[in-house]
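Q: Handing you this structure, nothing more for now.
The values are calculated or read from the model by the stated rules, or taken from the named source; none is laboratory data. The model shown is predicted, which means the values in this text are computed figures rather than measured ones. Note that we place each Cβ from the backbone using ideal geometry, even for glycine, and neighbour counts take in every protein chain shown.
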Amino acid sequence: MISYARQTQEQQPEAASPPVEEHIAPAPRVSVQAFCETVETAAAVQSAGEDRRLGKAHLKIQMGGMAAAIEAYRSAPTPNVIVLESDARNDLLAGLDQLATVCDAGTRVVVIGRINDVMLYRELVRRGVSDYVLAPVGPIDVVRSICNLFSAPEAKAVGRIIAVVGAKGGVGASTISHNVAWAIARDLAMDAVVADLDLAFGTAGLDYNQDPPQGIADAVFSPDRVDTAFIDRLLSKCTDHLSLLAAPATLDRVYDFGTDAFDAVFDTLRATMPCIVLDVPHQWSGWTKRALIGADDILIVAAPDLANLRNTKNLFDLLKAGRPNDRPPLYCLNQVGVPKRPEIAATEFAKAIESQPVVSIPFEPQIFGAAANNGQMIAEISANHKSIEMFLQIAQRLTGRSETKKQKSSLLSPLIEKLRGK
């Protein structure tokens, strides 16, 4: 018989778009061959193959269903994953028995059918089928089924990449990303790492008051050495839950990268860290575009002026087109209320983007400047500052988590809170 991974959860009877909190880990470099009976299913599988999470998978689609699959593998090795569409119950079971005689050990099978019957599902599982998906299927159903074959359910939250980018230079995207990562680590109690991708001018080391001798440049320029142990040596510990992959912030070399220069770093971080926050510099290149499209969630930081509005709109349009099966990126307004500066109102900004900002952070140069110069986060400078709650809101939206770590209380807590208020 074929050796398959077993999928224990039954599929819902109808295709549905993913919920906001759903996280689907990308599939590794595997070969996938689909044998479809209908044009609609073939189109859905084709669209799934263009999804960022199947970007490393090699997908091939053929028509003919079960009969075509059996014939194809009589003289050819089977791929890592076979996707089969079949309508009939008896033909499906008989066909799987025939396929088992020509299928290589270790191949996983996903069946797309139209019979909603738990007895059939149990029989398929008994025969070693990895997953059964009810037709009609959408692209995200195919993506979810294939990706879940290679990720354990208990590790669902591991490897979430969050990219933060400024719509324009100087809007405070790095400051926002570092404070949001702090909130993820402190308030949500998630292990997180900040990866500063601005190798020439990155400020993450300064903001966290860290000056590690090694950082992300060592990994990017030595891709053959990148593994879990190597990345662990490059990480700088900021808090119990927060680590930093710092940029060298030196100009002794030119940082010209290929499109896939950071792939090995991101893949390794995904396998070891629950949350990775990418501080993406404001530049447009092959690798920055790849980092944004490949991220699980995206935050655009914008100031309330016309250039930021135009750039945010362009980023929204490109990312929504490049990530059709993901939720749209989020954005926040920063430096709102600069004295004597004409600004575009948040309502007008939202009308043009067709999306509301997560938060609007006011312009407060004293506290933000003091935090930057001291190498501290806003929460360390002022524990009750109103922007801290905004950073937590962003962290919750990006991670899909609403719970916060409970603070220890005492009998004196109410008195302390009153004194703080005064």
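Q: Looking at segment 177-184, can you tell me whether even one residue there is in the same structural domain as F262 (by TED's automatic domain parsing), under 20 Å from P357 (Cβ atoms) and in contact with an Asp or Glu (Cβ under 7 Å, 6 or more places away or on another chain)?
A: Filtering segment 177-184 for residues in the same structural domain as F262 (by TED's automatic domain parsing) gives 177-184.
From what's left, under 20 Å from P357 (Cβ atoms): 177-181, 183-184.
With in contact with an Asp or Glu (Cβ under 7 Å, 6 or more places away or on another chain) added as a condition, the list becomes 177-178.
For segment 177-184, residues in the same structural domain as F262 (by TED's automatic domain parsing), under 20 Å from P357 (Cβ atoms) and in contact with an Asp or Glu (Cβ under 7 Å, 6 or more places away or on another chain): present.
Q: Is it true that some residue in segment 415-422 is outside any loop (DSSP other than H, G, I, E, B) and at pLDDT 95 or above? It would help to see each step written out before you state the result.
A: Filtering segment 415-422 down to residues outside any loop (DSSP other than H, G, I, E, B) leaves 415-421.
Cutting the leftovers down to at pLDDT 95 or above gives us none.
Looking for residues that are outside any loop (DSSP other than H, G, I, E, B) and at pLDDT 95 or above, one finds none in segment 415-422, hence no.
Q: Just to verify a result, which residue in segment 355-373, among those that are touching a Pro at 6+ places or on another chain (Cβ under 9 Å) and under 29 Å from G400 (Cβ atoms), is modelled with the highest pLDDT?
A: Pass one, segment 355-373, residues touching a Pro at 6+ places or on another chain (Cβ under 9 Å): 355, 360, 363.
The next check asks that each one be under 29 Å from G400 (Cβ atoms); those that pass are 355, 360.
Details: S355: 94, S360: 97.
Looking at the filtered set, the residue picked out is S360.
Listed here are the residues, each with its yes/no results for (1) touching a residue at least 60 places away in the same chain (Cβ under 8 Å); (2) within 25 Å of G400 (Cα to Cα); (3) outside any helix (DSSP H, G or I); (4) not assigned by TED's automatic domain parsing to the domain that holds I184.
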residue	(1), (2), (3), (4)
V194	yes, yes, yes, no
G202	yes, no, yes, no
D224	no, no, no, no
D240	no, yes, yes, no
L244	no, yes, yes, no
A247	no, no, yes, no
T259	no, no, yes, no
D279	yes, yes, yes, no
Q283	no, no, yes, no
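Q: Conditions: (1) closer than 21 Å to T272 by Cβ; (2) modelled with pLDDT under 95. D211 meets all but one. Number of the miss?
A: Looking at each condition in turn, D211 falls short on (1).
Q: Select from segment 98-117 the residues that are farther than 15 Å from S130 by Cα and over 33 Å from the mean Cα position of the chain (by Cα) and list them in ascending order.
A: Looking only at segment 98-117, we keep the residues that are farther than 15 Å from S130 by Cα, and these are 98, 101-102, 114-117.
Hits for segment 98-117 are Q98, T101, V102, I115, D117.
Q: Given (1) modelled with pLDDT of 90 or more; (2) not in a helix (DSSP H, G or I), identify the lone condition not met by A42.
A: Single failed check for A42: (2).
Q: Identify the single condition in (1) farther than 22 Å from G294 by Cα; (2) without any contact (Cβ under 8 Å) to a residue 60 or more places away in the chain that L59 does not satisfy, given that it satisfies every other one.
A: Against the list (1) farther than 22 Å from G294 by Cα; (2) without any contact (Cβ under 8 Å) to a residue 60 or more places away in the chain, L59 comes up short only on (1).
Q: Does segment 117-136 hold any residues that are within 25 Å of I61 (Cβ to Cβ) and in a loop (DSSP other than H, G, I, E, B), and which are they?
A: Hits for segment 117-136 are R127, G128, V129, S130, A135, P136.
Q: Suppose we filter segment 137-148 for residues that are under 19 Å from Q33 (Cβ atoms) and assigned to a loop (DSSP other than H, G, I, E, B); how many remain? Can you show your working first?
A: So in segment 137-148, the residues under 19 Å from Q33 (Cβ atoms) come out as 137, 139, 141-148.
From the residues that got through so far, the ones that are assigned to a loop (DSSP other than H, G, I, E, B) too are 137.
Selection size over segment 137-148: 1.
Q: Scan segment 356-378 and report the pairs whose first residue is assigned by TED's automatic domain parsing to the domain that holds K313 and whose second residue is of a type in the set (D, E, K, R) and surrounded by 14 or more Cβ atoms within 10 Å (Cβ to Cβ), with Cβ atoms within less than 7 Å and a gap of 6+ or a chain change.
A: Note: pairs meeting the criteria are V358/R397; A372/D207; G375/D207.
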